[in-house]
Amino acid sequence: MPGRFLRIFCLFVVALTMMISSVVSQTFSLSSTPTIVSSTDLMALSGKLTFEVTSGTTAAGYLMVDYGGVVIANTTSTGITVADTCSGSASVFSVDQAGGIITISVPSGCVTGKTVTLDGVRFDVPAGGFSSVAVNVTIPSGTAFALAANTTQATVISAVKDGLVVAADSDTVLTYKTYPQGVGFESQALFFNVSEGFSTAFRSSLTLGQTLATRVRLEVTGLPADSRLVFPSTITDAASGGTLTVVSGEEVTFPRTSGNTTLSYYFTAGASSAVKEDTFKIEYKLYVDNPPAEDAVVFLQASLFPFDSPNIPRYVSTLLPSESDLTLPVFDNYLPGQGTDGQFTSIAFTNPSSHAVKVQLDVFAPDGVAVTGSNITNPVTLTLSALEQKAMLLEEIFGSGIKTAVVGTIRARTRRSRTVSFFMQGDNNSVFLDGATTGQDRLTAFLFSNIGHEGVSPSTSVNIVNPSTSASVDVEMSLYNSAGVAQSSKTETISAGGTFSKSLIDLFGFDTSSLSGGYVRGTATGDIVAFESFGDSETLNVLNAQNPGLKAEKYCIPYFAVGAGYDTEINVINTESTRAATINIWAMDSNGEALGVLTNPVKVTLQAGEQKVLSMASSFGLLSDSATLTTGSLRIDVVSNFIGFFPVLPTISGSVRFATQAPPAAGRLSASLLLRNTINPNVIYPHVAQTAGSLYTGVAMVNSLTNSVKQTLEVFNKTGVLVGSTAFTLAPGEMKTALVEELVPLSAGQSGGYFRLRGVAKRDVLGSGTHDASSGEANLTDTLTNFLKLGVTRSVDIIRNVTDGSEAVIIKVEESVITSIALSGGADNYWDNGDQWEIVTGAKPGVISFALFGDLTGQYLSVIPAQ
């Protein structure tokens, strides 16, 4: 008995030993195929894990793969897979996405050399914030196999890199200065160079739920009207053989008929794309058919795409270069600091562009140092959405402490595009109010055209800003009487970023109230931005400084008013240093005909440096105290002088002032406007104030052209939504004045928002015919037509290919040949034999206009020039 028991026990021990030996020999080794992923990839594919049986035959069990707490972005339904070379029954047992753990169910029967693989695991790289990812594999208790020594850890993501690189020498920002209207131009070849950040960043194969190959998307911002960008349809990297091809259905010319501002290229791998970084040199061109009225800034950015794929989204919409890295020009606007306690300053900004704009507002003390103090936030950044308007008091922007702070100037800075903005200053008792456009023009020679000399305690103050951040500027100013005789001179040094602000009495030590007129001229050793304010205890007039060197054959003032207690004052200055000047001032009726008054025109001769301030009532034989209000427009014709055989226009500066001259508001209403002669086809007035029974907003305009012009007035609310519009036509010389709510009744009562006045192109046909030369031609030929007799204006008028729908601006006219910039917008964009053509006028119609803000009691009025 004992012997038998001993034999049985020994057999049990042997069996147990064999079992333990078998379990230990069932071993996996771990390996991985690490990947590099893109920093913007929302579903970055990590490297594959491979478990290989190195000994024994496996029993069923589990492997726990821990990704170090990195959140897993997908599940088995969106790409995670397990495969084996055993029975094929290995599977994903569970996915803990938040914890970053995947448990694999391993089948029994896997023998040496067989493998189990985990693939398709994806991560949200931007959210994860990691630079690499490694796994740690463990075996749950009770599982009958083990991992080989030193194979419990593996790297699945070796690096995070930018998937898309935009070369630093790319033409990402295009700026073009203001050119004469109608003078088009064409750029040299421009390049936008993009490449992979690593050799496998771009992929054209579709795997694990991807529905689209990698795309590179370009976004164009800021392209103004009458400009075009043209891109290639295919780009090839000669080194790798990879290509970028425009996505089917997308146009390569901007602007798009759909209004879309993006262009997408899809990637196709070449023979060497897997081992070389694909690089693409995208060559494009800018065509400007008609330059905008203001400097234009166009910029391009790129992003990896798709990021809105319906199955597996791929990339965060990150634009490169980033806005901070774009070499965008800086646009600075300035406005003078608030006067004294009891006064207010408000600013209105309108963003006319189709993209959001950030406005950084800084307040500086007179010495150029940022203003600080209790209840003051400085600087402040406002974000204006596309087409949005904001109107705010200074204390609403910077805090209540700004009301008592010593302020020299306020700077409004934008980078993407210039805002349309103006400011208003007044007092809290509504005694006086006026405004001006924020200072944008930088001058080295300047003129203040008015000196207050009427009313109770007349005064004039100047505000001069040095916009430089590094250098001081010396400013020399001279005070002249109306005869052009210098009364006093003074030189001031303004520190970098500083502001000089003084009354003329304090500046020159001269009682300017003793003058019956006068002006101030100045020069600076660097750029300055300047304003003047003048008036008395009950009136305020604010004007930007003028450039005294500008010349024009005529100036048109859209509105005057004489009678019923009102008068219009005309201030003209001959800024020539040696030559006299002659001007003829015409008073026109609403139809553009000379007004039938005692004297019309009024002929004025000005000696060198002389100024004359004319009352329309006395000069034209009208009565300001008449019960009848006479209105119309003014035209000032400047007579050329002759130097030998050559006519030379003298330089004339000045302003127009609207004022009350009789009770009950005698002397209370006063508003001024600089002499201007700018015809703009599209202008914006950045504020609307129409309060029932209190405030009104109006517009005055005159057509100074010899042909009729169509105009549309559009009113927008604060968010840029169109409230309503109206269209009308002005005959040659016709003027029109109206309340905004009369023109657009839906805007009645609106406070805030803005309105736009724009010309509607009238494309008169100058001629038509048939192209009778060979096909595929870039130039039009018609041997039956003498193009020289059609009155074509080069760089303005347009040739249209009626047959294929294309058109272009004409740049050269010969007897039977028309040369233009490249045709665009058509079916094939060239001339074929038999194509029908027509030439249409391309001039942009516009008017001279200004806006009026006032109260219905006639206490105050402000006039704002077009922007």
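5 Å is the cut-off here: which amide hydrogens, built 1.01 Å from N in the peptide plane, fall below it relative to VAL106, excluding neighbours closer than 5 in sequence?
So VAL106 has HN proximity to GLY61, TYR62, LEU63.
On full extension of the chain, what length is gained from GLN360 through ALA386, given 0.36 nm per residue of separation minus the C-alpha to C-alpha distance?
7.7 nm
Within 12 Å, Cβ to Cβ, of ALA189, how many net charges do the neighbouring residues add up to if Lys/Arg are +1 and Asp/Glu are -1?
Here the count lands on -1.
Kindly provide the pair-distance distribution of the stretch 327-376 built from C-alpha pairs, with 10 Å bins from 0 and whole-percent values in order of increasing distance.
For the stretch 327-376, the binned pair fractions read 15, 46, 29, 10, 0 percent.
Using the Cα centre of the stretch 106-182 as origin and beta-carbon charges of +1 (Lys, Arg) and -1 (Asp, Glu), tell me which of THR151, GLY109, LEU164 is placed farthest towards the positive end of the dipole.
Going by the Cα projections, it comes out as GLY109.
Could you work out how much longer the chain between LEU550 and SER132 gets when fully extended? Use 0.36 nm per residue separation minus the Cα distance between them, nm to one decimal.
Extra length available between LEU550 and SER132 comes to 144.1 nm.
Hey, got the dipole for the stretch 586-683? About the Cα centre, +1 on K and R Cβ, -1 on D and E Cβ, debye to the nearest 20?
Details: 6 positive and 5 negative charges, 47 e Å.
Charge dipole of the stretch 586-683: 220 debye, to the nearest 20.
Would you work out which of VAL275, PHE531, TRP837 lies farthest towards the positive end of the dipole of the chain, given +1 charges on the beta-carbon of Lys and Arg and -1 on that of Asp and Glu, about the Cα centre?
Of VAL275, PHE531, TRP837, it is VAL275.
For a protection proxy built on the mean count of beta-carbon atoms within 10 angstrom, sort 232-239, 710-717 highest first, please.
710-717, 232-239
What nm distance separates the two modelled labels at VAL817 and ASP527, each placed 7 Å from Cα along Cα→Cβ?
Here the modelled spin labels are 4.4 nm apart.
About its Cα centre, how strong a charge dipole does the chain have in debye, to the nearest 20, once Lys and Arg get +1 and Asp and Glu get -1 at the Cβ? Each step should come with its number before you reach the end.
Working: 49 positive and 73 negative charges, 332 e Å.
So the magnitude is around 1600 debye.
Just how far, in whole angstrom, is the stretch 250-264 from the stretch 578-638 if you go by their alpha carbon centroids?
For the stretch 578-638 versus the stretch 250-264, the Cα centre distance is 52 Å.
Beta carbons within 10 angstrom, averaged per residue: use that to sort the peptides 389-399, 76-86, highest first.
389-399, 76-86
Go through the stretch 62-76 residue by residue and turn each phi into a ³J(HN,Hα) via Karplus (6.51, -1.76, 1.60, θ = phi - 60°); whole Hz please, and just put x for glycine and proline.
9, 10, 9, 9, 9, 8, x, x, 6, 5, 7, 8, 9, 10, 5
Share of the chain's accessible area from carbon and sulfur, percent, 1.4 Å?
52
Please find the FRET efficiency linking ALA727 to THR155, where r is the Cβ-Cβ separation and R0 is fixed at 56 Å, and quote it to the nearest 0.05. Don't skip to the answer; put the middle values down first.
Numbers: r = 68 Å, r/R0 = 1.21.
Computed FRET efficiency for ALA727 and THR155 comes out at 0.25.
Structure shown: which of LYS161/LYS390; LYS403/LYS718; LYS403/LYS612; LYS390/LYS551 lie over 30 Å apart, alpha-carbon to alpha-carbon?
LYS161/LYS390; LYS403/LYS612; LYS390/LYS551
Kindly state, to the nearest 0.05, the FRET efficiency for LYS603 paired with ALA213, given R0 = 56 Å and r defined as their beta-carbon distance.
For R0 = 56 Å, the calculated efficiency reads 0.15.
About the Cα centre, and with charges only on the beta carbon of Lys, Arg (+1) and Asp, Glu (-1), how big is the dipole of the stretch 719-863? Nearest 20 debye, please.
640
³J(HN,Hα) across the stretch 730-737 via Karplus (A = 6.51, B = -1.76, C = 1.60, θ = phi - 60°), whole Hz, x for Gly/Pro?
Running phi through 6.51 cos²θ - 1.76 cosθ + 1.60 with θ = phi - 60° gives 10, 6, x, x, 6, 10, 9, 10 Hz.
Could you check the spin-label model distance between ASN833 and GLU454? Points 7 Å from the Cα along Cα→Cβ, value in nm.
7.5
Would you mind calculating the gained length between PHE646 and GLN487 on full extension (0.36 nm times residue separation, minus the Cα-Cα distance), in nm to one decimal? Before the final figure, lay out the partial values.
Details: separation 159, 0.36 × 159 = 57.24 nm, distance 3.45 nm.
Additional length available on full extension: 53.8 nm.
Let me understand the stretch 48-173 better: what is its radius of gyration from the alpha carbons, and its Dmax, in angstrom?
Just the Cα atoms of the stretch 48-173 yield Rg and Dmax of 17.6, 66 Å.
For the stretch 538-543, just list the computed ³J(HN,Hα) in residue order, Karplus coefficients 6.51, -1.76 and 1.60, θ = phi - 60°, integers in Hz, with x standing in for Gly and Pro.
Values per residue, Gly and Pro as x: 10, 9, 9, 10, 10, 9 Hz.
Compute the long axis of helix 2-25 from its Cα atoms, compare it with the longest principal axis of the Cα atoms of the chain, and write down the angle in degrees, 0 to 90, nearest 10.
30
Just the accessible area per residue of the chain, please: how many Å² with a 1.4 Å probe?
On a per-residue basis, 42 Å².
Could you list log10 I(q)/I(0) for the stretch 708-749 at q = 0.14, 0.32 Å⁻¹, which the Debye formula gives when each Cα is one point scatterer?
Listed by q, the Debye log ratios stand at -0.36, -1.12.
For a quick protection proxy, order the peptides 461-471, 686-696, 778-788 by their average other-Cβ count within 10 Å, most packed first.
The most tightly packed comes first, giving 461-471, 686-696, 778-788.
Consider the candidate values (i) 1.05; (ii) 1.12; (iii) 1.31; state which one is Cα Rg over 2.2 N^0.38 Å computed from the structure displayed.
The value matching this structure is (iii).
I'd like the distance separating the alpha-carbon centroids of the stretch 704-751 and the stretch 31-63, in whole Å.
68
Take the Cα radius of gyration of the stretch 445-506 and divide it by 2.2 N^0.38 Å, with N its residue count; two decimals is plenty.
Numbers: Rg = 13.3 Å, N = 62, 2.2 N^0.38 = 10.6 Å.
The reported ratio for this selection is 1.26.
Excluding same-chain residues fewer than 8 positions from LYS502, which aspartates and glutamates have a Cα within less than 17 Å of its Cα?
The reachable aspartates and glutamates, counting only those whose Cα sits under 17 Å from LYS502, are ASP341, ASP367, ASP474, GLU476, GLU492, ASP511, GLU532, ASP536.
Using a Cα-Cα cut-off of under 18 Å, which aspartates and glutamates could be cross-linked to LYS114, ignoring same-chain neighbours fewer than 8 residues away?
GLU52, ASP84
Amide H neighbours of GLN867 under 5 Å, at least 5 residues apart or on other chains, H built in the peptide plane: list them.
For GLN867, the qualifying residues are ILE684.
Given R₀ = 56 Å, what would the calculated FRET efficiency be for GLU777 paired with SER590, taking r from the Cβ atoms and rounding to 0.05?
Computed FRET efficiency for GLU777 and SER590: 0.65.
The values are calculated or read from the model by the stated rules, or taken from the named source; none is laboratory data. Please read all numbers here as calculations on a predicted model, not as lab measurements. Backbone-built Cβ (ideal geometry, glycine too); neighbour counts: all protein chains shown. Each accessible area value is taken on the protein alone, full model and side chains, heavy atoms only, with ligands, DNA and RNA left out. Shrake-Rupley method; radii C 1.70, N 1.55, O 1.52, S 1.80 Å.
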